[in-house]
Amino acid sequence: MCGIVGYIGENNCVPILIEGLKRLEYRGYDSAGIGIINHDECRVVKTKGKVSELENLISEIQIESNLGIGHTRWATHGEPSMVNAHPHLNTDHTLFLIHNGIIENYLSLKKGLEKEGYVFKSETDTEVLAHLIDHYLKMKHSLFQAVRYALNEVEGTYGICVIYKREPDKIIVARKGSPLVIGIGENENFVASDVNALIAHTKQVVYLEDGEIAEVYKDSFTTKTISDETIIKEIHQVDIGIDEISKGGYPHFMLKEIMDQPESIYNSLRGRLVYNEGISKLGGLQGFEERIINSNRILISACGTSWHAALVGEYMIEQYAGIPVEVEYASEFRYRHPIISKDDTVIFISQSGETADTLAALKEAKKKGALCLGVCNVVGSSIARESDAGVYIHAGPEIGVASTKAFTAQLTVLALITLLIARRRNLSLPEGQEVIKELQQITNKVEIILKQNEYIEKIADQYVNCRNFLYLGRGYNFPVALEGALKLKEISYIHAEGYPAAEMKHGPIALIDDNMPVVFIATQDSVYDKIISNIQEVKARKGRILAIVNEEDEQIENMVDHIIRVPKTHNMLTPILTVIPLQLLAYHIAVKKGLNVDQPRNLAKSVTVE
Ligand code: M6R
């Protein structure tokens, strides 16, 4: 949540900050601001709304500097407004601070500062930090020490970035619970909340860990812990090209990412299949296989779309590896005192690897001695680093707030994990080879579905004015129904619910009339006949039906209003195919409604607050 970027060097920081903020805007877009220090001049420009609005403002006033910080906000404390936008300032406007996270004890800190005479302008928790640092500066501490002392009083989470007029040769950054990375350049250095903001300038980065603070100069940096111990950090090389974070000719990131899926799925499979042995090879799990295979139980914890992937994982692992699996919302997991033992394996799925709820659940499971595995997309992310072992999904950067290619890559990796465990337990060589054969063909099948984009766009025309949707599926297609409904509601703001199809008659059937579109995911699997009965039940009540069926299906076409066909595959891989028409349907409905599909209202790409 919130994007942070900072620059110190020999160039004008303003265009660098604006470009960085645009690349981070998927993290939040309620307001944006920059603060610069140029010799005696300190300037802050901020606005409610998007970075483009900030850019317009800046173009009217012409400012320049070699030192600056910028922020794009996802509001937590205080409504989206100019006054609540970051940077926040101390009273004499010599110190600028931007923050990602939540200062939980801000009210008590605020009271103390108000007693000292500090006057607060915003409703944010962040402003407290600006004044608290100022309080320590007044005690003649250096900026570094003042920030350190202030952070020692803070409860909650933060990724912060601070600059100060009286020490204009540095940026101070610190992290606890919110990611921060330093980008190393030549006579210039950068800081950001994720590498996307930096890769146009440098591929050399240093990831800060929780409890670390850094002093970043234009040609060097030093790192310490908040408790003042010196630490030496490793420099990492980032392996992302600028083309991977641009739209590549598509009107929206979401469409590009949907269309990217043959490649992203291929990348998540690359080098991981061994056909002769019918197994998958996952380097990130090396050394941990025995423990996983002998687990008493596997838990999978995640949020949102990643949680839907977890549900598919549950079906896969229980059916083919024969280990009991439980799926947990990460946000509930931590607080419901789960019983976890050393014989459990817990898989944490997260595209960003930064979701606060998932990270907190991981810490809880680790404390209880379970083997913790991460299934993440962002390399070097917090969840990837905190896990005992894990598998990257290698989907490439996902910028659209609605997750698409990360979901299908997560499903692919879950199939690989299932194969790895199942082949060591009860899956035969031919059965393992069958899965591999299907995995090798899956990207071609995805392409076949993507070729129906224009056809699906036409179907979307028929549904654009609907106010409610039901999505129904059974077995492996039940989590797909949930995911289809989530995609639609988050980008089109149409109310949509996903259910196991058979549950419909226990309540939701009351909603069905000729105004209620029902999307059935009805591929030819073991519950095919049952789902046909569910389609009949909706048809009998005049519901409008759109069905996702297999290419060979001859029964359903006559029962429904619209039909989208997908190729057949191995049953555990079915969701990788059936979700794609639903992604396209949601996308086209939202575009036709004139909505911003890449940045839907109230949302942010990675939710780094609990
Ligand atoms: O980065 P994560 O996978 O941990 O994110 C989890 C959810 O916040 C995310 O999937 C969210 O539900 C997406 N907006 C769904 O499209």
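The values are calculated or read from the model by the stated rules, or taken from the named source; none is laboratory data. Only a predicted model underlies this, so the values are computations on that prediction, with no experimental measurement involved. Please note: Cβ atoms are built from the backbone with ideal geometry, for glycine as well, and neighbour counts cover all protein chains shown. Quick note on the areas: whole protein, heavy atoms, side chains included, nothing else; ligands and nucleic acids left out. Shrake-Rupley method; radii C 1.70, N 1.55, O 1.52, S 1.80 Å.
For (1) among the aliphatic types (A, V, I, L, M); (2) free of Cβ contacts under 8 Å to residues at least 12 places away in the same chain; (3) in the same structural domain as G177 (by TED's automatic domain parsing), each residue gets a yes or a no:
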| residue | (1), (2), (3) |
| --- | --- |
| N84 | no, no, yes |
| H88 | no, no, yes |
| I98 | yes, no, yes |
| I102 | yes, no, yes |
| K111 | no, yes, yes |
| Y118 | no, no, yes |
| K121 | no, no, yes |
| L129 | yes, no, yes |
| H135 | no, no, yes |
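Given segment 121-198, what strands (runs of 3 or more DSSP E) lie entirely inside it while holding 3 or more residues that are at negative phi and touching a helix residue (DSSP H, G or I) at 6+ places or on another chain (Cβ under 8 Å)?
158-164, 171-176
Table: residues versus (1) surrounded by 10 or more Cβ atoms within 10 Å (Cβ to Cβ); (2) closer than 30 Å to D344 by Cβ; (3) touching a Phe, Trp or Tyr at 6+ places or on another chain (Cβ under 9 Å).
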| position | (1), (2), (3) |
| --- | --- |
| T230 | no, no, no |
| K256 | yes, no, yes |
| D260 | yes, no, no |
| S268 | yes, yes, yes |
| L273 | yes, yes, no |
| L282 | yes, yes, no |
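For (1) at pLDDT 90 or above; (2) under 21 Å from V195 (Cβ atoms); (3) among the acidic types (D, E); (4) touching a helix residue (DSSP H, G or I) at 6+ places or on another chain (Cβ under 6 Å), each residue gets a yes or a no:
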| position | (1), (2), (3), (4) |
| --- | --- |
| I8 | yes, yes, no, no |
| I18 | yes, yes, no, yes |
| R23 | no, yes, no, yes |
| Y29 | no, yes, no, no |
| G33 | yes, no, no, no |
| H39 | no, no, no, no |
| T47 | yes, no, no, yes |
| L54 | yes, no, no, no |
| I61 | no, no, no, no |
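Do you know which of the residues in segment 19-45 that are out of contact with any Lys or Arg (no Cβ under 9 Å at 6 or more places or on another chain) and within 11 Å of A85 (Cα to Cα) is least open to solvent (accessible area, probe 1.4 Å)?
V45
Counting only residues that are charged (D, E, K, R) and within 16 Å of the ligand (Cβ to nearest atom), how many does segment 320-340 have?
First, the residues of segment 320-340 that are charged (D, E, K, R): 326, 328, 332, 334, 336.
Retained after the next criterion (residues that are within 16 Å of the ligand (Cβ to nearest atom)): 328, 332, 334.
Here the count works out to 3.
Consider A395 against the criteria (1) open to solvent by less than 10 Å² (accessible area, probe 1.4 Å); (2) among the hydrophobic types (A, V, I, L, M, F, W, C); (3) in a helix (DSSP H, G or I): it satisfies all of them except one. Which criterion is unmet?
All conditions pass for A395, except number (3).
For segment 554-576, check the following and say yes or no: at least one residue is away from the ligand (no atom under 16 Å from the Cβ) and in contact with a Cys (Cβ under 8 Å, 6 or more places away or on another chain).
no
Given the criterion touching a strand residue (DSSP E or B) at 6+ places or on another chain (Cβ under 8 Å) and either touching a residue at least 60 places away in the same chain (Cβ under 8 Å) or within 16 Å of the ligand (Cβ to nearest atom) (or both), identify the matching residue among A197, A214.
A197
If you take just the helices (runs of 4 or more DSSP H) that sit entirely in segment 299-387, which of them hold at least 3 residues that are farther than 20 Å from L419 by Cβ, open to solvent by less than 10 Å² (accessible area, probe 1.4 Å) and not assigned by TED's automatic domain parsing to the domain that holds I102?
Qualifying helices (runs of 4 or more DSSP H): 356-367.
Every residue in segment 341-374 that is within 15 Å of the ligand (Cβ to nearest atom) and touching a Gly at 6+ places or on another chain (Cβ under 6 Å), please.
Matches in segment 341-374: F348, L373, G374.
Quick check: anything in segment 499-512 crowded, with 23+ Cβ neighbours inside 10 Å and under 17 Å from V560 (Cβ atoms)?
Yes - at least one qualifying residue is present in segment 499-512.
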